[in-house]
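Asker: Shown below is the structure under consideration.
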Amino acid sequence: MQATAILKYIHLSPQKGRLVADQIRGLPVAQALEVLQFSDKKAAKSLRKAVESAIANAEHNEGADVDELRVASVAVNGGPTMKRWRARAKGRVGRIKKRSSHIVVTVSDEVKTAVNVVASPKRTEEEK
């Protein structure tokens with residue numbers, strides 16, 4: 001069972017949002033909320049809101065047990081960029097990009113198992 005929450009048009013640079021998203025990916029939701037609560041980053045507030053919304057969606061729509069949920073995936077994608085300018089010396093213009101983000105958080109109660117990678121057999125001297 002999976003539940004998703006999407007926040008769009010958040011006034012936050014995607015690059016800065018991904019730094020915080022990487023910290024909570026794969027954690028149990030209680031631990032993820034704790035990490036976001038004590039983070040000093042601006043992105044933590046928006047990500048916390050998205051995680052809480054995904055938990056509520058899982059509990060209400062799917063009837064999931066909150067204690068078993070984990071953050072399955074977190075994506076911070078780029079939204080529209082507002083282009084502004086600032087006057088500079090000698091009549092020139094400095095461009096300012098005000099970036100925005102779309103945040104997608106998926107919580108799941110399924111445990112992902114590691115896939116064993118089988119190495120290819122070594123070639124013998126005859127095959128070379």
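Asker: Please find, within segment 1-36, the residue that is nearest to S100 (Cα to Cα) out of those that are among the basic types (K, R) and in a helix (DSSP H, G or I).
Answerer: It comes out as K16.
Asker: Could you check, for segment 26-43, whether at least one of its residues is at pLDDT below 95 and within 11 Å of the chain's Cα centre (by Cα)?
Answerer: Yes, segment 26-43 contains at least one residue that is at pLDDT below 95 and within 11 Å of the chain's Cα centre (by Cα).
Asker: Hey, among S39, S46, which residue is closer than 26 Å to K98 by Cα and not in a helix (DSSP H, G or I)? Can you show your working first?
Answerer: Working: S46 fails: not in a helix (DSSP H, G or I).
Exactly one residue qualifies, and that residue is S39.
Asker: Only one of A75, A114 is modelled with pLDDT under 95 and of a type in the set (G, A, S). Can you tell me which?
Answerer: A114
Asker: Still on this structure, I have one more. Being touching a residue at least 40 places away in the same chain (Cβ under 8 Å), of a type in the set (K, R) and in contact with a helix residue (DSSP H, G or I) (Cβ under 9 Å, 6 or more places away or on another chain) is the filter here, so list the residues in segment 1-46 that pass it.
Answerer: If the condition is that a residue be touching a residue at least 40 places away in the same chain (Cβ under 8 Å), of a type in the set (K, R) and in contact with a helix residue (DSSP H, G or I) (Cβ under 9 Å, 6 or more places away or on another chain), then R18, R25 are the ones that fit.
Asker: Counting only residues that are surrounded by fewer than 18 Cβ atoms within 10 Å (Cβ to Cβ) and under 12 Å from the mean Cα position of the chain (by Cα), which one in segment 58-97 is farthest from M1 (Cα to Cα)?
Answerer: G78
Asker: Residues that are free of Cβ contacts under 8 Å to residues at least 40 places away in the same chain, within 20 Å of the chain's Cα centre (by Cα) and over 15 Å from Q2 (Cα atoms): does segment 47-57 have at least one?
Answerer: The answer is yes; a qualifying residue exists.
Asker: Okay, moving on. Can you list residue pairs whose Cβ atoms sit under 6 Å apart, with the first residue in segment 72-92 being touching a residue at least 24 places away in the same chain (Cβ under 8 Å) and closer than 19 Å to Q15 by Cα and the second being β-branched (V, I, T) and not in a loop (DSSP other than H, G, I, E, B)? Count only pairs 6 or more apart in sequence or on different chains.
Answerer: S73/T106; V74/V105; A75/V104; V76/I103
Asker: Might you check whether a residue that is out of contact with any His (no Cβ under 7 Å at 6 or more places or on another chain) and in a strand (DSSP E or B) occurs anywhere in segment 49-71?
Answerer: Yes, segment 49-71 contains a residue that is out of contact with any His (no Cβ under 7 Å at 6 or more places or on another chain) and in a strand (DSSP E or B).
The values are calculated or read from the model by the stated rules, or taken from the named source; none is laboratory data. Just so it is clear, the structure is predicted and the values come from calculations on it, not from any experiment. For neighbour counting, all protein chains shown are included, and Cβ atoms are generated from backbone atoms with ideal geometry for every residue, glycine included.
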